[in-house]
Every structure is written in C-alpha cells, then in structure tokens.
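Each remark here refers to the structure printed beneath this line.
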Amino acid sequence: MMKTYNQNLPVNFIVMIVTVLLISIVMLNSCTKVVDIKVGNDIDKLVIEGMVIDTAGSQSVKLTTNVPFSNSNTYPPVTGAIVSVNDGNGSTYNYIEGPSGIYTSPAFVAKAGNNYTMHVLVNGTDYTASSRMPELVVLDSLSSKVSPFDSKQREVTVYYKDPAGKANYYRFVMFLNGVQVKAVFVFNDDFNDGKKVSIDLSDDDTDMFSGDKVTVEMQCIDKSIFTYWNTLMQQGGSGPGGGVTPSNPPTNISPSVLGYFSAHTSQKKSMVLK
C-alpha cells in the first residue's frame, strides 16, 4: 500500500525544515567560497620620510610616490620640492636636493628637548609635521644567544636602563652584515618603567648565524612616532617605503600623506654573533 503524508503539518515545523535547509546550503557554499581580502592599493600618493638626529652630519628628507603593495621595492622619487626644518629656537635649515628625491640639510646636530618642524612644499601644497626629540637613553650593550627554535640560528639581545617616572618610547633598527633587516622593533616602558631592560630582537624572516655581523641602532622616539611604527609592527610591515600597506599607519604629517617625520636620538653598537 502506498504511504500518504499528512499535508497539514504545523507551520512551525515547516519553518524549521526550511530554515535547516537554507543553513545547510549556506554552509556548503562557504566551504568553497574564496574570501577576497581588499588590500589598500591607492597608488601614486606622496610619501615623506623625514628625520633629524642628534649626531653630527647632514639631516635628510626622502620624497617618493607609493606603488602597489605587491610590487617590488622601486619607488619613483619626487623632485623639485622645497624642504626646510625649523628647530624651534629661531633657526631654519633649508634642504638641497641630490640625488633625486633625497633632500639634505647643511650639517647640524639636533638637540634633545627641541621641537622640530618640517615643511615640504610640493605642487603648491605645504606639508608640515612636528616632532620633539626625547632625552637620550643609553644603549648599554648587545649580546647573542642560540635561538630556542633552531640551534643553528642566533638571536640578539639589547640592554638599557629605562628612566623612572616618565613615558619613554624606543625603536630598534637592526642591520645584518650591512643590510637593514625589514622587521620593525618598537617598545614602550608601560611594564618596565625605571627598570633594567633586556629585549630579544628576532625575526622569523631573517636567518642569523654564528659569525654574522649585527649592528643595532637604538632610537629614542616621541609618542606619535611610536604609534606609527607600532601600527606597522602589528601588521608585520617594514616601514613606508612607498608601498601601500593593508592599513596605512597614522602619520604626524598634515595634510595627511604616507610617511612620518621623526626627531630622535640615535646610537649604534655592533657585534659578531657567537
């Protein structure tokens, strides 16, 4: 005998069946759907990378335009700009271009405590940024040790004494056999104010072995520059370089462009890894 089905099923039951079917269809589709992550690709924008430091020699500002995030590191220079920096004490330093896109000042030594203001005039727009140079915190020493993840690899440790009672921000730039490591290293003193500090500098994309020469530059930076580099570090970025990152970091330049202007102390130490 052929079975017959009750055509007077409760409405709630029918709704439940339809809902389950729809959910199943969505789940099956999600298993094969390709997620399209939108990476910033707003190209041909001005990039300003400027700094003044507390060591003898000329200061520099680099002007380029950015390229797609996936492109090679070749960034067109911006020429013909007018660049200057004021030290907050009445002195203005006019920069000269050469080579293309690189603007350098007459030799002057920036001083801790001074507030420096950069002006960059490009195509009729005056871009400005200010940065206050913090007090120097001494880089005591470097050491190396075996990586906990690979006995053939090495890690570098930096040592310094953080001053008590004030907010301090640090950036470390590492060079391996004369080539700058792309990884970004920035730290604050939220958890080590006034303490002796040791920090390991390691990068999954950089292989360091016994016999390699490592140079570390320690920069004491202001809060806005810390925010800039910390944003890049969280994204795994390697600095502006002209490339568009998935989320461009907050700049201290106005009107807003890619890049930064930093007045910071600079000291370097080198060692051969053991």
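Rule-based calculations on the coordinates, nothing more; no lab input. Only a predicted model underlies this, so the values are computations on that prediction, with no experimental measurement involved. So basically every Cβ, Gly included, is an ideal-geometry build from the backbone, and we count neighbours across all protein chains shown.
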### Query
Per Stokes-Einstein, at 25 °C and 0.890 mPa s, what whole-number D in µm² s⁻¹ belongs to the range 79-130, with the Kirkwood radius over Cα pairs as the hydrodynamic radius?
210
### Query
If one computes the Cα centroid of the range 125-152 and of the range 103-124, what distance in Å separates the two points?
22
### Query
Using 7 Å Cα-to-Cβ label points, what is the residue 138/residue 213 separation (nm, one decimal)?
2.6
### Message
Net charge within 14 Å of residue 75 by Cβ-Cβ distance, Lys/Arg positive one each and Asp/Glu negative one each, not counting residue 75 itself?
### Response
0
### Query
Is there a pair in 111/213; 161/269; 152/268; 145/196; 166/213 whose C-alpha atoms are over 24 Å apart, and which pairs would that be?
111/213; 152/268; 166/213
